[in-house]
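Take a look at the structure below.
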Amino acid sequence: MEANDVIQLIVYIAVFLLLTPILGAFIASVLMGKKTFLTPILGWLEKAIYKFSGVNPSDEMNWKSYAKSLLVFNFLGFLFVFLLQLTQKYLPLNPQSLSNISWDQSFNTAVSFMTNTNWQSYGGEGALSYLTQMLGLTVQNFVSAATGIAVFAALVRGIKVKQTSKIGNFWVDLTRSTVYILLPLSLVFSVVLVGQGVIQNFSSYQVVTTLEGATQSIPGGLAASQVAIKQLGTNGGGFFNTNSAHPFENPTPFSNFLQMLAILLIPGALVFAYGKMVGSFRQGITIFLVMFSVWIAGLGVSIVSEYSHNSVLGYSGIMEGKETRLGVINSLIWSTATTVASNGSVNSMHSSLSPLSGGVALFNMLMGEVIFGGVGAGMYGMLLFVLLTVFLSGLMVGRSPEYLGKKIEFYEMKWTLFGILAPCAIILLGTAVSSVLPMALSSLTNKGPHGFTEILYAFTSAAANNGSAFAGLNANTPYFNILLGLSMLIGRFVVILPVLAIAGNLATKKITPTSSGTFATDTFTFGVLLVGVILIVGALTFLPALFLGPIVEHFLILNGQTF
Amino acid sequence: MELSKKQEKQWLNPKILFPALKESFYKLDPRIQAKNPVMFVTEIGALLTLLIVLFGKSSSQSFEIQITVWLWFTVLFANFAEAIAEGRGKAQAEELKKTRTTTKARLLKDGIETTVSASDLRKHDVVICEAGDLIPGDGEVIDGIASVDESAITGESAPVIRESGGDRSAVTGGTKVLSDRIEIVITAEAGNSFLDRMISLVEGAQRQKTPNEIALSIILSGLTIVFVLGVMTLKPFADYASQVTGQNLDEIMTVPVLVALLVCLIPTTIGGLLSAIGISGMDRLIRRNVIATSGRAVEAAGDIDVLLLDKTGTITLGNRMASSFLAVSGVRVERLAESAQLSSMADSTAEGRSIVVLAKEKFELRAETLTPQNAEFIPFAAQTRMSGVNFKDQNGKDRQIRKGASDSIKDFAKESGFKIPPDLDGLVEQVAKAGGTPLVVIDNGDILGVIQLKDVVKGGIKDRFAELRKMGIRTVMITGDNPLTAAAIAAEAGVDDFMSQATPEAKLKRIREEQSRGHLVAMTGDGTNDAPALAQADVGVAMNTGTQAAREAGNMVDLDSNPTKLIEIVEIGKQLLMTRGSLTTFSIANDIAKYFAILPALFGTLYIIQGQSQGPLGELNIMGLESPQSAILSAVIFNALVIVALIPLALKGVQYQALEASKILQRNLFIYGFGGLIIPFVGIKIIDLIINRIGLI
């Protein structure tokens, strides 16, 4: 590791730490329905949307109608993207005359973008028309992120309000998140990206002759607008097959820096927004530090592992699978950021990372995408872990557990556990079935523990709604399209519904005043315990799988054996 | 306290130990186990391995038999923990039952007395009890007065007075009339009397899971489900590995081994001890002579953050004591003291006696010359609100001394035309402000000064309240005193707040206010007029000396009728939750070590490189366990033994200290979390050494 690497790392972290509290304060204002500096500029758009869709923004919903609106909205989004792919051949903006997509892949992709996963079993430039990408995928990139923010806002209201059944209006949360947070940020970001050389056009693919005399087809497309929201909304679905390793999607070190920043920006800011919304900066910063330290610890392991001497190849800092434009450190920051943040975009091939770096990427997802996590999803997922920790620590100090004055009881624990464990169960079952079915095993390109990790990574990425691929696994088979599609659905909605149920139930409760007997959730001790609970739940569930995947591979490489 | 010490070690008592051992086997009934998901899964696993050992063909049968035996031990140990906890309660209940079965009742119907069995009594029946009779059921005295020995339920041998009307009319079945004759109307159906409910609670028969216990069970069940999935999926994971390496893992990846792994991972430690913890929480209350009507009430006690405490008897000693003499100007204090002492010689009240004692201590005065022969004592009368003495002194002079409330004495002086010293009012006010009661002394028309009577705050109570404050509990003193006096005593006792001139209605209102602000309130009471407040409070502790109405309204009864007990009740409630939380943390933290014992044992040879003695995962056998089989067996044995080792802790509860929540957490997290990580590494290693030394493997 050279000084240059260290400087890049420090600048990245410094800018991240600087921007997140500022954006967090702004997001809090938006979600609490306050006026911001954008209200005079974009207020008309918000009102127009309500008017057009016949929504009364002052109508508050209970958790069931909130959930119903959310499910209907997401289902319609899914249906639209699904049909768009099945018929893209007959629709405009398809200069390459790309054919219709098979039903199983359409299902997979539609689910993937609706659930903010952006798992891609297709290659962007080779399969999807400009219309499908623009109207289908980019739109879902916005609204799936906004859906996550809405659920987060509903949960925070559930914690804050007392003795009511109302937790806000889904349509308002969706609209305000999109209009005031996602749209303006994406607009600015895509313009900057265009300035760096990310393409934004409707041209057909150019066929050129290379210096070597071979012919090459160079794709075009609306990359900049999609890339901006793909990073900001923790979607991660690349416009092109190689995602942000593609020079049209991520041309310069500066564009790379901005995209890395965008990956963690809103998830990080939402933690500060949370603190502001519940009226305690310390609550926010405690959770932020928990997330930050787990991320940095993983990054540290990655860096050590990647820069240490590789006994097979005989040198360190291996460039296989990485972009020479970007280098090792930027690949590692990206690989950890994209896996903690449930983003899933890549600028290097995770399959080529050292076993431990790959293992860190995998473990980041196995923790349930709560270390920053998806936009909104990371925070509400983290709050489930907070509730679990509060329950345990409440018992340990001899007092019925309560969080911010709300008693945590049977109902909350039931759904918390459900939300935390359902994705775990899906990952275990999916991996188990796939590691013995010949139909699934034929998709593997690598053998040994590395092949096992490919399968584990795929189901983890799907169930955690991350969407990054380990590469090496041919996921475009009906088997994987359907199974991973279902995993994504479960990983998304079997968490959202419990979260809304908890929000609804918390909203009806009284707020107990704090005293010195109350267990504080904004202290170092609580932070340590929270980290412990997250790691232990992740470790206890997946340790055997990790033993048979990255860990055994790591030991084998130490002994000079690769797969 | 002696009683509780004896019972502390009671689980080693053969009378409890042997029935508990027997009970452990009865409890293997799957219908009983099904109530506890963790142990139910363990039992199914044990049954599965038993069938495989009996009917399967295995090359390592001795190993599998040992696994099976220890899996059954795991279930039995958990059953034993519960049986011991129940047994301790039963032993207590047996004593109570003896009194019930033999009781005969003298039923009074239409003026005719008949003898019936106590169990045939119905509500509203009237019975007669005379000296020597056992009271046949719970009821109220409607006629007469008697002294009653209630030691059967309270352990207190001094008899108490029960009389019709007022706050001392309730009697409890099973207690014995020592003198006189009373008529009692029965207020509880047979089988539902106070004693019956107490017995069933003590036996644990009526035990319902408390809200926190249910929520915890949900977590334990969730973890169990995930581990079942985890172990089930381990087989295909291993199949994948054995397929790509061409290695055969069937030798070690057997069903008994997978069941062993599962049982080690699921939280059997807390799962096995959970009900024992709950039962013994109730038991700890009973040993302090408090009966809770439900486990829920015990748990609620741990959450209390406002305590309403009656001043008299709880915060202060029951009686006021003279604390100083304040003479008006121009009068020697000794003269005041002497007159005060003389006036109180025949005053048998505690206040009167304290005046005599104070004068003796301060000025060595002894008014021995005063005898009833030469003196006329004037007792306190409601009209005059004064008491005193008339006598002839050594010189044969008439002396008339009075002491009383300031207003009364002043009126008395004015009527007789005596003058009132100008600084008297100042002294009176000074005493009142300091929380005392002023008594003015007048001797032959001279107002000499003021005796300061003071409430005596119980020793150590201030520290107790400081501890409570640290725990986040606010104390509110309830008193009928005027605000001035109340404020002074409140300051001296160190309570956080006080209610002066409190009426039962005001108490009720105060409780409702606190509750609407989200607080949980506990209070004690004894009178019928306390009943609404007792019912409203989250934890209402009725004094056993109180009325039936009060006892019905509260959710706990203190047999010792000691209001300070409330503080202990809160501690027991907290301890109950803490024990559950700590053992849960311990149980989960243990899993890491068990993984490190079993996973290398299963996969130690996988991907083995030619020429090496073990595969890469064998390096994770950081405990250096002898062989795969001994590693697995050691983990299972540790898992079973740790339940037995923790039974005393489950029964006794984790150590409780009045500390801030964050300190308690740090402490318990260190002991049970960090300890839970380390201890099994050591334990499994030791067991591994032993079983290899004695050649079990």
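Taking the criterion of being assigned to a strand (DSSP E or B), farther than 24 Å from B:GLU299 by Cα, under 24 Å from the mean Cα position of the chain (by Cα) and modelled with pLDDT under 80, would at least one residue in region B:152-169 satisfy it? Looking through region B:152-169, at least one residue is assigned to a strand (DSSP E or B), farther than 24 Å from B:GLU299 by Cα, under 24 Å from the mean Cα position of the chain (by Cα) and modelled with pLDDT under 80.
Condition check for B:LEU365 on (1) crowded, with 16+ Cβ neighbours inside 10 Å; (2) not in a loop (DSSP other than H, G, I, E, B): one failure, at (2).
Residues that are under 14 Å from A:PHE363 (Cβ atoms) and polar (S, T, N, Q) within region A:272-304 comprise just one, A:SER302.
Determine the pairs where a residue that is among the β-branched types (Val, Ile, Thr), located within region B:407-419, has a partner that is open to solvent by less than 60 Å² (accessible area, probe 1.4 Å) with Cβ atoms under 8 Å apart, the partner being 6 or more residues away or on another chain. As it stands, the answer is B:ILE409/B:MET386; B:ILE409/B:ARG402; B:ILE409/B:LYS403; B:ILE409/B:VAL440; B:ILE409/B:VAL441; B:ILE409/B:ILE442; B:ILE409/B:ILE447, since those pairs meet every condition given. Out of region A:224-244, which residues are open to solvent by less than 50 Å² (accessible area, probe 1.4 Å) and either in a loop (DSSP other than H, G, I, E, B) or more than 15 Å from A:PHE142 (Cα to Cα) (or both)? Answer for region A:224-244, where residues must be open to solvent by less than 50 Å² (accessible area, probe 1.4 Å) and either in a loop (DSSP other than H, G, I, E, B) or more than 15 Å from A:PHE142 (Cα to Cα) (or both): A:GLY233, A:THR234, A:ASN235, A:GLY236, A:GLY237, A:GLY238, A:PHE239, A:PHE240, A:ASN243, A:SER244. Under 6 Å between Cβ atoms, at least 6 apart or on separate chains: pull out the pairs that start in region B:234-249 with a residue that is within 7 Å of another protein chain (Cβ to nearest Cβ) and end on any residue that is surrounded by 16 or more Cβ atoms within 10 Å (Cβ to Cβ) and assigned to a helix (DSSP H, G or I). Pairs found: B:LEU234/A:PRO544; B:PRO236/A:ALA432; B:PHE237/A:LEU548; B:TYR240/A:PHE452; B:ALA241/A:LEU548; B:VAL244/A:GLY448.
Only one entry in A:PHE459, A:PHE480 is closer than 27 Å to B:ILE218 by Cα, out of contact with any Cys (no Cβ under 7 Å at 6 or more places or on another chain) and among the hydrophobic types (A, V, I, L, M, F, W, C), namely A:PHE459. Does A:LYS68 meet the test of being modelled with pLDDT under 95 and of a type in the set (D, E, K, R)? When the stated conditions are applied, A:LYS68 does not pass them.
Scan B:LEU76, B:LEU48 and give me the residue that is within 13 Å of B:PRO256 (Cβ to Cβ) and at pLDDT 90 or above. Checking each option against the conditions leaves just B:LEU48. For region B:559-588, a tally of residues being more than 9 Å from chain A (Cβ to nearest Cβ), crowded, with 24+ Cβ neighbours inside 10 Å and among the hydroxyl-bearing types (Ser, Thr, Tyr) returns 1. All of A:SER461, A:SER516 fail the test of being open to solvent by 20 Å² or more (accessible area, probe 1.4 Å), among the small types (Gly, Ala, Ser) and either over 26 Å from A:LEU71 (Cα atoms) or away from chain B (no Cβ under 14 Å) (or both), apart from A:SER516.
Restricting region A:168-190 to residues that are open to solvent by less than 10 Å² (accessible area, probe 1.4 Å) and part of a helix (DSSP H, G or I), the residue that is farthest from A:ILE27 (Cα to Cα) is A:PHE170.
Of B:ALA533, B:ALA506, B:ALA491, all but one fail to be under 29 Å from B:LYS433 (Cα atoms), assigned to a helix (DSSP H, G or I), away from every other protein chain (no Cβ under 14 Å) and open to solvent by less than 50 Å² (accessible area, probe 1.4 Å); the exception is B:ALA506. The single residue among A:LEU441, A:LEU404, A:LEU395, A:LEU428 that is open to solvent by 10 Å² or more (accessible area, probe 1.4 Å), among the hydrophobic types (A, V, I, L, M, F, W, C) and at the interface with chain B (Cβ under 9 Å from one of its Cβ atoms) turns out to be A:LEU441. With respect to the conditions (1) touching a Phe, Trp or Tyr at 6+ places or on another chain (Cβ under 7 Å); (2) open to solvent by 10 Å² or more (accessible area, probe 1.4 Å); (3) of a type in the set (A, V, I, L, M), A:VAL151 falls short on a single one, namely (2). Elements of the type strands (runs of 3 or more DSSP E) sitting completely within region B:279-352 and holding at least 3 residues that are open to solvent by 20 Å² or more (accessible area, probe 1.4 Å) and in contact (Cβ under 8 Å) with a residue 40 or more places away in the chain: these cover B:316-327.
Please enumerate the residues belonging to region B:655-677 that are more than 22 Å from B:PHE465 (Cα to Cα) and under 25 Å from the mean Cα position of the chain (by Cα). Answer for region B:655-677, where residues must be more than 22 Å from B:PHE465 (Cα to Cα) and under 25 Å from the mean Cα position of the chain (by Cα): B:GLN666, B:ARG667, B:ASN668, B:LEU669, B:ILE671, B:TYR672.
Taking region B:605-617 as the range and being touching a residue at least 12 places away in the same chain (Cβ under 8 Å) and open to solvent by less than 10 Å² (accessible area, probe 1.4 Å) as the test, the residues that pass are B:LEU606, B:GLY615, B:LEU617. Among the residues of this structure, B:PRO628 counts as one that is more than 45 Å from the chain's Cα centre (by Cα), farther than 21 Å from B:GLU571 by Cβ and away from every other protein chain (no Cβ under 14 Å). Look at region A:519-540 and say how many of its residues are in contact with a Ser or Thr (Cβ under 6 Å, 6 or more places away or on another chain) and more than 10 Å from chain B (Cβ to nearest Cβ). Final tally of qualifying residues: 3. State whether the residues of region B:22-31 include one that is at pLDDT below 85, exposed (fewer than 15 other Cβ atoms within 10 Å of the Cβ) and either over 30 Å from B:VAL228 (Cβ atoms) or in contact with a His (Cβ under 9 Å, 6 or more places away or on another chain) (or both). No, region B:22-31 has no match at all. Here B:PHE465, B:PHE498 are screened, and the one residue that is more than 30 Å from B:VAL356 (Cβ to Cβ) and part of a strand (DSSP E or B) is B:PHE498.
The single residue among A:LYS230, A:LYS166 that is closer than 24 Å to A:ILE502 by Cβ and among the basic types (Lys, Arg) turns out to be A:LYS166. Any residue at all in region B:403-410 that's assigned to a strand (DSSP E or B) and of a type in the set (Gly, Ala, Ser)? Yes, region B:403-410 contains a residue that is assigned to a strand (DSSP E or B) and of a type in the set (Gly, Ala, Ser).
The values are calculated or read from the model by the stated rules, or taken from the named source; none is laboratory data. Computed from a predicted model, the values in this text were never measured in an experiment. So basically every Cβ, Gly included, is an ideal-geometry build from the backbone, and we count neighbours across all protein chains shown. Note: areas computed on protein heavy atoms with side chains; ligands, DNA, RNA excluded. Shrake-Rupley method; radii C 1.70, N 1.55, O 1.52, S 1.80 Å.
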